[in-house]
1. Mind jotting down a quarter of the surface of the convex hull over the alpha carbons of chain A, in square nanometres, one decimal?
2. How big is the range A:61-182 by the Kirkwood estimate over distinct Cα pairs, in Å?
3. Run the quick spin-label model on residue A:269 and residue B:174: label points 7 Å from Cα toward the beta carbon, then report their separation in nm to one decimal.
4. What is the pair-distance distribution P(r) of the range B:61-146, computed from all Cα-Cα distances in 5 Å bins starting at 0, with each bin given as a whole percent?
5. Which value at 222 nm does the protein assembly as shown reach when only helices count, each DSSP H run of 4 or more adding -39,500 (n - 2.57), with the total divided by all residues and rounded to the nearest 500 deg cm²/dmol?
6. Going by how many other beta carbons lie within 10 Å of each one, how would you line up B:194, A:156, A:83, fewest first?
7. Binning every alpha carbon pair distance of the range B:80-127 at 10 Å from zero, what are the percents per bin?
8. Taking θ = phi - 60°, what integer Hz values does the Karplus form 6.51 cos²θ - 1.76 cosθ + 1.60 yield along the range A:167-179, in sequence order, with x for Gly and Pro?
Amino acid sequence: MVEQYLLNVLVLSSIYIIVTLGFALTFSIAGILNLAHGVIYMLGGYGLYYFWVKLGLNPGVALLLVVLVTGIIGLTLEKVGFRRCLDSFERMILFGLAVILIVETGINVTMGATAKAIPPLLPGVVHIWSASVDATRIGVFVISGLLLAATTVFVRNTKLGQEMLAVSEDREGALLQGIDINRVSGLACALGAGLAGIAGALMGSVMSLDPFMGDGMLMKAFEIITIAGIGSLEGILPAGLVLGSIDSILPTFIGGNVSSALGFCFVFVLLLMRPQGIFGRKA
Amino acid sequence: MRGNIFMKGIKRLHLPYVIAAIVLFLAFLLIENGYNPYVINLILLNIVAACSLRTIYLSGQISLGQAAFMAVGGYASALLAMRLGWSPWVCAPLGGLIAAISALLAGYVLTRITSFYFSMGTLFLGLGVEYIIEATPQLTGGYIGLTGIPQLGPISIPGIFHIDFAGSPISQFCVILFVTILSLLILYRIEHSRIGLTWRAIGQSAEVALSVGINVAYYRVVAFTIGGFFTGLTGAVLAHYNAVLSPSGFGMMGSIDLLAYVLVGGAGSFVGPVFGTIILLAIPQVFSSLQEFVPFLVAGAMLLVVFVLPRGVAGLFANFPSCLTGKTQNSQALYYKASGEEGRDVSL
């Protein structure tokens, strides 16, 4: 029984962390508050449905395609829209909102608003200790963990990753060092979007798809970033675990609505007392 | 400004106000001839909400949770009317007052933190109110909501007179029009008073305002409270008009919709939100035959504002040709405050 809860926590947390990481990367490196992050997540889910169920491709190939396509979408959004809005917060919000409307309506119109189910990625059931869990959930957790590790390694050890860190610390300074900030920003957006896309695909295979699943996830990303702190990427891991635990365990005891309300109260109070989050740097 | 006599003359006529008046007159004619006034009333009330959001925006704060105050006002008024049996005419302003008090409390705690976190805080407030309403079904009817809310109908002073405003669509429209115009007049007067000037000063640069001795936090809380009152009043009137109330319209998307009305219409002028609301709410009506494709048009209007009309639709009236060049000096200051430039370090 406990194993079931633990696994649910791990699966949900890992999805939250991946999505939030993508959002935070976009925000820190490219300086973009990407409201469209939620719909990219949703597109990832529908992309998996399309490539795997509709086109009949191998699920692994479908996942790779999802990452690629969502990455390209992120890159395009940054280039076409967000880059022009860097000087104005309001325009950034409006643009993100417009993208949300267009994508959600597009999916709503073409795919219908009813929830769609994807067959499980990995068939069968795995037995751990005394619990039997879907192999898919284990797979989701493993893939997420690998993604997280890969992203960390990438940002710390590769030249591009270092460039991204530099741009996030000091944009003009990075420019002076000869870093092409447009290229780096675009790639950071692509990375963020790709992470969102694959999270959507993974979540879609565990749960179901609907055109509006991105909205809730965007809110979770905001909450996790608030807990972790705006500038902190490593804080996202514990914050994601905390929120994932709350959201997995609490609803079974006190009902979904109350636990959402409690989650909000917690984040709100945290914001008031320590707006830079637990791990953030700015006082 | 263009040294053009024609343009100067037009400006002096306060062209946007003239247009707004004409639109209202047309609406009146339409309703008189049997057109369903629901959307028009909705637009009018949302105009008030959008203008009150702009009032808050003047002092440099971007509130992403304004729909929460509509919910507070609406639910407060509805519950007072239903549980205590008071007349809706009394409950609606009380609803606004309760919303104002909650805005006061929220503003008091939120203005302590910098603008970007303030916006996040209002976002969570918006979400939180929706969650809390859904989580307390005994009081608020949960996510099913309340039904059978009394209308803003009869006023009767026994022995003197009795009018029932709920009698016909045109009389209901008049009530809502009255509330709208009264609210807008009050907001306009406040904005063009000393307080309004102080707000503008704070909005342009909080640091400079502080250095001149203005109590920035105090004035911001005042702005937030006043904005909260009118938004709450809107929510209350809407609740009585609809006779039903549910939390679904008051969540994150509701707040962001309000912000969109302000931004599309132009946050730089008082009449901007009026245009924004009308445009964004009227598009679904005018093009209702297109059904699910309507959000595309709304998104198109937003994109138009983002790329072509940075000062919103109202910017078209200010300096006719130069609005297209995208000068956004006011937004520049707000961006630096709202985005928390220093907070974007990455540590890994």
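No lab work stands behind these numbers, since they all come straight from the coordinates. Worth saying up front: this structure is predicted, and the values here are computed from it rather than measured. Positions of Cβ are generated from backbone atoms using ideal geometry, with glycine treated the same way; all protein chains shown enter the neighbour counts.
1. Numbers: hull surface 61.7 nm².
The Cα convex hull of chain A, projected and averaged over all directions, gives 15.4 nm².
2. Details: mean 1/r = 0.0540 Å⁻¹.
About 18.5 Å for the range A:61-182.
3. 5.2 nm
4. For the range B:61-146, the binned pair fractions read 3, 15, 22, 22, 18, 11, 6, 2, 0 percent.
5. On the way: 27 runs with 438 residues, N = 631.
So the calculated ellipticity at 222 nm is -23000 deg cm²/dmol.
6. Final ranking by Cβ density, sparse to dense: B:194, A:156, A:83.
7. The calculated distribution, bin by bin, is 25, 35, 24, 15, 1.
8. 4, 6, 7, 7, 5, 5, x, 5, 4, 5, 7, x, 7
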